[in-house]
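Below you'll find the structure, written out as structure tokens, and then a few comments.
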Amino acid sequence: MSYIEILILRRLRSGPAHGYELRKRVEQTTGVVLHNNSLYPALKRFEEAGAVTKAAQPQDGRPPRLVYTLTEVGHELLHDMLADFPPEQAADEGEFLARLGQFSLLNPAERAAVLVARTRAVQAQLAHLTTMRDLATTHGERWGELATAELIRRHEHELAWLAELGELAARYDPPADPETARETARKTAE
């Protein structure tokens, strides 16, 4: 399953929605443009799996629209999708960020496992980039060397950030309210 499916289920977690409304929820909260050719096949699979139900909602002068509701199975599926982070998905930044944004739905051990998986993936990417930079240097490919050096810098930065996230996740669970979260973070840092 992909992070798009995580985003769909997560937005349904906040309440029933028809397709257009659900698409707009995903786009407004994530910036990800969700196309109907991704949304409706996913909803159909979720319905077949018992993760969502759909009901026709009458509209004046128009055909009824279908409203989708997340079921208990859907809540469990969302949780399982967030907690399961195989290496091929851990290497994908979008997959990681989709899970990170939903860390409030995971317990500390599950969060730690996601962070470890991402850290390993970034370390593997970093090793590959280092080899590429060395090859570029050896062959006098200055632009290739500059490009890979920048990618190395970004990966090293992400590794430091992942370490900070691991410490943060181990210390406390940030509240949903942003103001309370800032206050808790300030107190934790003291």
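Quick notes on this one:
- Amide H within-cut-off set for residue 66, under 5 Å, with H built and near neighbours excluded: 19, 57
- Folded to 0 to 90 degrees: helix 36-48 orientation relative to the chain principal axis, Cα: 70
- Counting only Cβ charges, +1 for Lys and Arg and -1 for Asp and Glu, the dipole size of the chain around its Cα centre is about 540 debye.
- For the chain, the relative contact order is 16 percent, taking Cα pairs closer than 8 Å that sit 6 or more residues apart in sequence and dividing their mean separation by the residue count.
- Relative to its residue count, the range 1-118 spans a Cα convex hull of 102 Å³ per residue.
- Accessible area per residue in Å² at 1.4 Å probe, computed on the chain: 59
- Over the range 79-172, relative contact order from alpha-carbon pairs under 8 Å, at least 6 apart, %: 29
- Modelled FRET efficiency - R0 35 Å, residue 29 with residue 128, Cβ distances, 0.05 increments: 0.60
The values are calculated or read from the model by the stated rules, or taken from the named source; none is laboratory data. These numbers come from a predicted model, not from an experiment. Methodologically, a virtual Cβ is constructed for each residue, glycine included, from the backbone with ideal geometry; neighbour enumeration extends over all protein chains shown. For the accessible areas, the whole protein counts, side chains as well, though only heavy atoms, and no ligand, DNA or RNA atoms are used. Shrake-Rupley method; radii C 1.70, N 1.55, O 1.52, S 1.80 Å.
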